[in-house]
Amino acid sequence: MSAPALSPAVPGRVAGPAAAGGGVTQARVVRAEWTKLWSLRSTRWSLLAAVVAQAALGIIVAAAQMSRWGSLSPHDRATFDSIDVGVGGYHLSQLAIGVLGVLVISGEYSTGMIRSSLMAAPRRLPVLWAKLGVYAAVTFVLMLVSALVSFFGVQAIVSGHHLQHGLGDPHALRAVVGTALFLTVLGALALGLGALLRNTAGGIAAFVGLMFVLPGVVALLPGSIGDSISPYLPINAAFTVATSTFDGPHHLATWTGFAVFCGYAAIVVLAAAVQLVRRDA
Amino acid sequence: MIEIEHVTKRYGEKLAVDDLSFVVRPGIVTGFLGPNGAGKSTTMRMILGLDAPTRGSVRVNGRRYRDLAAPLHEIGALLEARAIHTGRSAANHLLAMAQTHGIPRSRVDEVIDLVGLRDVARKRAGAFSLGMGQRLGIASALLGDPRTVILDEPVNGLDPEGILWIRTLLKGLAAEGRTVFLSSHLMSEMALTAEHLVIIGRGRLIADTTVEEVVRQASLDAAVRVRTPDAAALRDALAGDGVIVESSAAGVLEVRGAPSERIGEIAAREGLVLHELTPQRASLEDAYLRLTGDAVEYHTGDGGRAAGDLELVA
């Protein structure tokens, strides 16, 4: 049976332009996810919090250290590293990036929005890829800029004591870019957890548990066992790329560690993708 | 057009839809009727590709929903459960939906005007009243100017003005040649809006018929009230031939299975006096209740089972 032609009889309704637009494409779903990300107040606040944390924490710490430089112990002075302080804002921003990553998708499950999203893109995976792509791109750009602001701010503050580094110094550029990379993958991991658990509280609990609680649990294990597991924990593997001083035996090599962290994120995202396609929405 | 073929949906132990088959045709409003928990929402979710059938096939305009290249142009849906992020404005929600299909921004403004939400389009959808939420849902459904529109309990919680608005809108959409499929658990609402009815109970098809036919059937089943001083004689005269005669008071008979004309003729032939001969009008609601009587999932007083099952089919 062929459907009769639709007449544009209802006022304010036009059959032409809407029908002529063609179908769903990955690029269009990305555009939609971009709109969705920025049209929520909670997103904008979380991203602002992440930017402020990433940009300001290092500067505040550096300023505090310099103001009492004279009273610091020789050991403290010797271990002060303006690169690590310069990018160290990630200790705070990682929480905002992770929580928002979970929310980007769990918020759709809690409000029912996911049904609209999947009805518009019924193959489903384009929705997950678009969310990951948009959130990763936004995180990378914002965190790179914030890390650069922090890095140069810190160098300016410590230059009075001739402790500054340039971006061209060993590890400096890698630590700055690494910070943005680490936070980007962390955001993707959190988004994957949110997609897998379809629940905000559960997603955040899993994220915090995996990243911040697990190391404490491993520390309870007998020394040798704990020591052999510890470098492979997500957070310890991730930090290697975002610091200039991790070269000890208790950590994986810089890019090896980051690769392991990416592996964790990939496993979670893959599991979320499989489940998204298989399970009823 | 929506085609449901031998569809079964099982959630764990619970059989929500059981070998259901029917077709929803373009050009008319088709009502989807059934008691709460009959499987209406589940069926609609399967039509929209949100839930996968355990067995059977569901096709929209000839294809599985997930194979539609531009689903928003093919079918628009208003689900009973809200499908909108409460933190996002109506305009941004519609814009994001439009962008997935490359639908221009001008169309977003159009549907906002069509449902009368212009004044609140920039407000958070979470702050919307039930009626405004339904209007936004309908705007989403019409965004892609779809050939098929499906709505799950669209008048739930609406004021009379809103109900009238939806009824007129749906009839208009059907008159344009679109397929309109809406669910309700209220027969009276359906009688005013729909031409065709698909009635289900406990996940099974009970009737796939026109509203007219249900009305006809209802009046056929209705009793004729007869008041006569010769009740016993008339009862004997009417007996047999599938006629059932009951008496609620002395001199009053309720006759089922024979129209008033035949009762009158029989009485005349037997020379019996009649004081009253009144066909009782069965309401549509009665007809519907009789149809679904065996299939009502949650009779009142069956609280234990209802509490256990409700969530699975909600």
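The values are calculated or read from the model by the stated rules, or taken from the named source; none is laboratory data. Only a predicted model underlies this, so the values are computations on that prediction, with no experimental measurement involved. Virtual Cβ from ideal backbone geometry, glycine too; neighbours counted across all protein chains shown. Heads up: the accessible areas ignore ligands, DNA and RNA and are worked out on the full protein's heavy atoms, side chains in. Shrake-Rupley method; radii C 1.70, N 1.55, O 1.52, S 1.80 Å.
Using only alpha-carbon positions, what ratio does the radius of gyration of region A:25-278 give when scaled by 2.2 N^0.38 Å?
Computed over Cα atoms of region A:25-278, the ratio equals 1.08.
What is the set of long-range amide H partners of B:V149 at a cut-off below 5 Å, with H atoms built 1.01 Å from backbone N?
When sequence neighbours closer than 5 places are left aside, the close amide H contacts are B:G76, B:T179, B:V180, B:F181.
Using θ = phi - 60° and the Karplus form 6.51 cos²θ - 1.76 cosθ + 1.60, what ³J(HN,Hα) does each residue of region B:4-19 get, whole Hz, x for Gly and Pro?
Taking θ as phi minus 60°, the curve returns 10, 10, 6, 8, 10, 10, 10, 10, x, 7, 7, 8, 8, 9, 10, 6 Hz for region B:4-19.
Could you tell me the convex hull volume per residue, in Å³, taken over the Cα atoms of region B:82-214? Don't skip to the end; give the middle numbers.
On the way: hull volume 16.6 nm³, N = 133.
So the per-residue Cα hull volume is 125 Å³.
Amide H to amide H under 5 Å from B:I84: which residues, 5+ apart in sequence or cross-chain, H placed 1.01 Å off N in plane?
Answer set, sorted by chain and number: A:M113.
Read phi for every residue in region B:64-71 and hand back ³J(HN,Hα) as whole Hz from Karplus 6.51 cos²θ - 1.76 cosθ + 1.60, θ = phi - 60°, with x for Gly and Pro.
Values per residue, Gly and Pro as x: 5, 3, 5, 8, 6, 6, 9, x Hz.
How do A:106-117, B:47-58 rank on mean C-beta neighbours within 10 Å, highest first? Could the numbers behind the result be given before it?
Values: A:106-117: 21.5, B:47-58: 18.7.
Put in order of decreasing packing, that is A:106-117, B:47-58.
Per residue and in Å³, how big is the convex hull formed by the alpha-carbon atoms of region B:223-279?
Values: hull volume 3.6 nm³, N = 57.
Normalising the Cα hull of region B:223-279 by residue number yields 64 Å³.
Treating each Cα of chain B as an identical point scatterer and ignoring solvent, apply the Debye formula and state log10 I(q)/I(0) at q = 0.12 Å⁻¹.
Summing over Cα pairs of chain B leads to -0.85.
In vacuum, with every alpha carbon of region A:88-169 counted as one equal point scatterer, what does the Debye formula give for log10 I(q)/I(0) at q = 0.12, 0.13, 0.16 Å⁻¹? Two decimals, please.
For the requested q values the scattering log ratios are -0.53, -0.59, -0.73.
Let me know the Rg and Dmax you get for region A:130-281 when you use only its Cα atoms, in Å.
17.5, 61
Among rounded, prolate and oblate, which fits region B:212-255 when a ≥ b ≥ c are the square roots of the eigenvalues of its C-alpha gyration tensor, a/c under 1.5 means rounded, and a/b larger than b/c means prolate?
Values: a/c = 3.54, a/b = 1.95, b/c = 1.81.
Here region B:212-255 falls in the prolate category.
Hey, what number do you get for chain B at 222 nm if only DSSP H runs of n ≥ 4 count, each worth -39500 (n - 2.57), divided across all residues, to the nearest 500?
On the way: 12 runs with 118 residues, N = 314.
Taking each H run of at least 4 residues, the total per residue is -11000 deg cm²/dmol.
Taking θ as phi - 60°, what are the ³J(HN,Hα) couplings along region B:258-270 by the Karplus curve (6.51, -1.76, 1.60), each to the nearest whole Hz, with x for Gly and Pro?
Values per residue, Gly and Pro as x: 9, x, 4, 4, 5, 4, x, 5, 4, 4, 5, 4, 8 Hz.
If you average the sequence gap of Cα pairs under 8 Å that are 6 or more apart and divide by the length of chain B, what percent do you get for the contact order?
Working: 600 pairs, mean separation 70.0, N = 314.
It rounds to 22 percent for chain B.
A:Y264: accessible area at probe 1.4 Å, nearest 10 Å²?
70
Dipole of region A:25-278, Cα-centred, from +1 at each Lys and Arg C-beta and -1 at each Asp and Glu C-beta, to the nearest 20 debye?
With only Lys, Arg, Asp and Glu charged at Cβ, the dipole is about 1180 debye.
Taking the C-alpha atoms of the protein assembly as shown, how large are the radius of gyration and the largest Cα-Cα span, Dmax, in Å?
For the protein assembly as shown, the Cα-based Rg and Dmax read 33.2, 126 Å.
Amide H of B:V17: which non-local residues (sequence gap of 5 or more, or other chain) have their own amide H closer than 5 Å, using H built in the peptide plane?
B:K9
Hey, how many Å between the Cα centroid of region A:194-223 and the Cα centroid of region A:64-138?
16
Keeping every protein chain in place, order B:R167, A:R68 by accessible area at 1.4 Å, biggest value first, i.e. largest first. Can you show the working numbers first?
Values: B:R167 45, A:R68 120 Å².
Result, largest first: A:R68, B:R167.
Based on the Kirkwood radius over alpha-carbon pairs, what is the Stokes-Einstein translational diffusion coefficient of region B:37-136 at 25 °C with 0.890 mPa s viscosity, in µm²/s? Walk me through the intermediate numbers first.
On the way: Rh = 15.0 Å.
In µm²/s, the coefficient rounds to 163.
Counting pairs of alpha carbon atoms under 8 Å apart in space and at least six apart in sequence, what relative contact order in percent does chain A give? Walk me through the numbers before you get to the answer.
Values: 373 pairs, mean separation 61.1, N = 281.
Once normalised by length, the contact order is 22 percent.
In degrees from 0 to 90, rounded to the nearest 10, what is the angle of the helix B:105-114 Cα long axis to the longest principal axis of chain B?
30
Once the cut-off is 17 Å, how many percent of the Cα-Cα pairs in region A:22-128 end up in the long-distance tail?
Details: 3711 of 5671 pairs.
Tail of P(r) above 17 Å: 65 percent of Cα pairs.
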